[in-house]
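**Student:** Handing you this structure, nothing more for now.
The values are calculated or read from the model by the stated rules, or taken from the named source; none is laboratory data. All of these numbers come straight from a predicted model, not from anything done at the bench. With ideal geometry, Cβ positions are generated from the backbone for all residues, glycine too; neighbour counts draw on all protein chains shown.
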Amino acid sequence: MGVHDGHRARMKERFLEQGLGSLADHEVLELVLYYAIPRRNTNETAHLLLERFGTLKNVLAADIRELQEVPGVGKNAAALLKLLRAVIDRADMPAPPREPIRTGEQAGAYFVQLLNGEQHEVLYLMCLDGKGKLLSCQTAAKGGVNVTAVSVRQVVDLALRSGATAVVLAHNHPSGVALPSRADQFMTRQVADALRPLGIHLLDHIVVADGDYVSMADSGMDLS
């Protein structure tokens, strides 16, 4: 038995008996890291993560390369933290639509639920097959959704990997109204132009704000 095995066993038992609320943030990280760092004290690493990123939420949201810059955090530990964040995000997503997506109203209703309460600007890509069945709905960009070649390439890559025939873009305006900006419109045309030669149709771009949405297609924007 290793020197830290007794402490680990007590921490796990405390969590199982008293729940996550009985643990401080550094102890939560310490416990999570047990499953990626089997034979080393993770307490110091947990403290270093919080010192670097400030909060538990920020640790889970950090870039995987930034996580690995923290002493004691290797590839496995960084991957586990990113997996944890992805699982939380997945669990918070609304149930996928059962009916084929064929209208801006259907897409808008889904994305209003998905983006409800989101404090940062996020760009989603909904990938559909030829019958409008949902193949995937993935994050294409976070932070500012600006027109960059990187974001366009990301959208194209996600669409190709999903085997999409058609896609719907959606993003939110956390502190604004659900009206497409000029930058939104320009990005939409950039994505449509990039997808068209690949035989993938951009059906719509939904802009969400304050529980409401605007469909660019329904507003008269030519996406063809």
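**Student:** Is it true that some residue in region 21-33 is loosely packed, with under 15 Cβ neighbours inside 10 Å, touching a helix residue (DSSP H, G or I) at 6+ places or on another chain (Cβ under 8 Å) and without any contact (Cβ under 8 Å) to a residue 12 or more places away in the chain? Spell out the reasoning first.
**Tutor:** Just the residues of region 21-33 that are loosely packed, with under 15 Cβ neighbours inside 10 Å, to begin with: 21-22, 24.
Restricting the remaining residues to those that are touching a helix residue (DSSP H, G or I) at 6+ places or on another chain (Cβ under 8 Å) gives 22.
Cutting the leftovers down to without any contact (Cβ under 8 Å) to a residue 12 or more places away in the chain gives us 22.
Looking for residues that are loosely packed, with under 15 Cβ neighbours inside 10 Å, touching a helix residue (DSSP H, G or I) at 6+ places or on another chain (Cβ under 8 Å) and without any contact (Cβ under 8 Å) to a residue 12 or more places away in the chain, one finds at least one in region 21-33, hence yes.
**Student:** Considering region 172-209 alone, what residues qualify as being within 17 Å of the chain's Cα centre (by Cα) and surrounded by fewer than 23 Cβ atoms within 10 Å (Cβ to Cβ)?
**Tutor:** HIS173, PRO174
**Student:** Is it true that some residue in region 92-112 is charged (D, E, K, R), touching a Gly at 6+ places or on another chain (Cβ under 6 Å) and farther than 30 Å from ARG40 by Cβ?
**Tutor:** yes
**Student:** Next question. Can ALA170 be described as in the same structural domain as GLY108 (by TED's automatic domain parsing), in contact with a Phe, Trp or Tyr (Cβ under 7 Å, 6 or more places away or on another chain), within 21 Å of GLY108 (Cβ to Cβ) and not acidic (Asp, Glu)? Don't jump to the end; show me each part of the working.
**Tutor:** Working: in the same structural domain as GLY108 (by TED's automatic domain parsing): yes; in contact with a Phe, Trp or Tyr (Cβ under 7 Å, 6 or more places away or on another chain): yes; within 21 Å of GLY108 (Cβ to Cβ): yes; not acidic (Asp, Glu): yes.
Yes.
**Student:** Inspect region 36-58 for any residue being part of a helix (DSSP H, G or I), of a type outside the set (S, T, N, Q) and touching a Ser or Thr at 6+ places or on another chain (Cβ under 7 Å) and give the result as yes or no.
**Tutor:** No - not one qualifying residue is present in region 36-58.
**Student:** Which of the residues spanning region 9-47 are among the basic types (Lys, Arg) and under 21 Å from GLU66 (Cβ atoms)?
**Tutor:** ARG40
**Student:** Restricting to region 1-13, count the residues that are in contact with a helix residue (DSSP H, G or I) (Cβ under 8 Å, 6 or more places away or on another chain) and loosely packed, with under 15 Cβ neighbours inside 10 Å.
**Tutor:** Taking region 1-13 first, the residues in contact with a helix residue (DSSP H, G or I) (Cβ under 8 Å, 6 or more places away or on another chain) are 11-12.
When the remaining residues are screened for being loosely packed, with under 15 Cβ neighbours inside 10 Å, the result is 12.
Counting residues in region 1-13 that are in contact with a helix residue (DSSP H, G or I) (Cβ under 8 Å, 6 or more places away or on another chain) and loosely packed, with under 15 Cβ neighbours inside 10 Å gives 1.
**Student:** Given the criterion out of contact with any Ser or Thr (no Cβ under 9 Å at 6 or more places or on another chain) and aliphatic (A, V, I, L, M), identify the matching residue among ALA159, ALA164, ALA141, ALA209.
**Tutor:** Exactly one of ALA159, ALA164, ALA141, ALA209 is out of contact with any Ser or Thr (no Cβ under 9 Å at 6 or more places or on another chain) and aliphatic (A, V, I, L, M), namely ALA159.
**Student:** Cβ-Cβ under 7 Å, sequence separation 6+ or interchain: first residue in region 52-75 and more than 16 Å from VAL87 (Cβ to Cβ), partner among the charged types (D, E, K, R) and surrounded by fewer than 12 Cβ atoms within 10 Å (Cβ to Cβ). Which pairs?
**Tutor:** Cβ pairs passing all conditions: GLN68/LYS75.
**Student:** I'd like the full set of residues that are assigned to a loop (DSSP other than H, G, I, E, B) and in contact with a strand residue (DSSP E or B) (Cβ under 9 Å, 6 or more places away or on another chain), limited to region 171-206.
**Tutor:** Within region 171-206, HIS173, PRO174, SER175, GLY176, VAL177, ALA178, LEU179, PRO180, SER181, ILE200 meet the criteria.
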